[in-house]
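Worksheet: one structure, shown below.
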Amino acid sequence: MGTYLDEKGNVLSMRGRDADLVAGSALLLGCTPGNGADQPHWSSPDVSGHGTYVKGTCTNNTAKVYNCLYEWYTDSTWRQKACSSTVTVNAGGGSANRSNARHVCHSTSQLISWRNHEDVDVIGEVDDGNNPYRDASVWCVVN
């Protein structure tokens with residue numbers, strides 16, 4: 001799994017794909033948005049990732065979304081490289097309904113694992129606070 005670090009090297013408490021599992025049983029708090037994080041990808045000259053609002057078990061149509069990109073290091077850490085601003089979006093995605101985190105690649109000589117975590121806060125509805133992610137290998141190194 002690895003340890004998550006912010007841009008200053010401080011350890012982050014991350015909730016991932018199985019964050020709602022406690023002692024082998026599901027602990028559900030509020031509704032559960034679907035995973036709207038896309039895979040990190042190269043978008044010249046940057047590594048980029050988006051967050052969208054997928055309703056899942058939620059009923060409201062709008063949410064506040066932001067996402068952050070993490071680069072994998074061989075010391076078993078995921079280091080935060082970029083976060084989007086928080087945007088209010090409608091369910092369903094599309095280029096006008098998403099957050100975008102991106103960082104300039106300093107080199108494209110190595111295939112590196114990247115992870116894109118998103119946070120969705122459904123407006124007017126309690127949600128589970130999970131930070132789902134998607135990961136992918138991208139020809140992008142950030143120093």
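The values are calculated or read from the model by the stated rules, or taken from the named source; none is laboratory data. None of the values given here were measured: they were computed from a predicted structure. Every residue, glycine among them, receives a Cβ derived from its backbone with ideal geometry; neighbour counts consider all protein chains shown.
Has the range 97-114 got any residue that is modelled with pLDDT under 95 and under 30 Å from GLY30 (Cα atoms)? Checking the range 97-114: at least one residue is modelled with pLDDT under 95 and under 30 Å from GLY30 (Cα atoms). Out of the range 28-43, which residues are of a type in the set (A, V, I, L, M, F, W, C) and buried (at least 19 other Cβ atoms within 10 Å of the Cβ)? Result: ALA37, single match. Take the residues of the range 115-127 that are of a type outside the set (S, T, N, Q) and surrounded by 20 or more Cβ atoms within 10 Å (Cβ to Cβ): which is nearest to the chain's Cα centre (by Cα)? If we take residues in the range 115-127 being of a type outside the set (S, T, N, Q) and surrounded by 20 or more Cβ atoms within 10 Å (Cβ to Cβ), then HIS117 is nearest to the chain's Cα centre (by Cα). When the strands (runs of 3 or more DSSP E) confined to the range 57-114 are screened for residues that are touching a residue at least 24 places away in the same chain (Cβ under 8 Å), surrounded by fewer than 19 Cβ atoms within 10 Å (Cβ to Cβ) and of a type in the set (Lys, Arg), none reaches at least 2 such residues.
Can you tell me which of ASP46, ASP20 is surrounded by 15 or more Cβ atoms within 10 Å (Cβ to Cβ), at pLDDT 90 or above and not aliphatic (A, V, I, L, M)? Please lay out each step first, then the result.
Details: ASP20 fails: at pLDDT 90 or above.
Selected residue: ASP46, the only one of ASP46, ASP20 that is surrounded by 15 or more Cβ atoms within 10 Å (Cβ to Cβ), at pLDDT 90 or above and not aliphatic (A, V, I, L, M).
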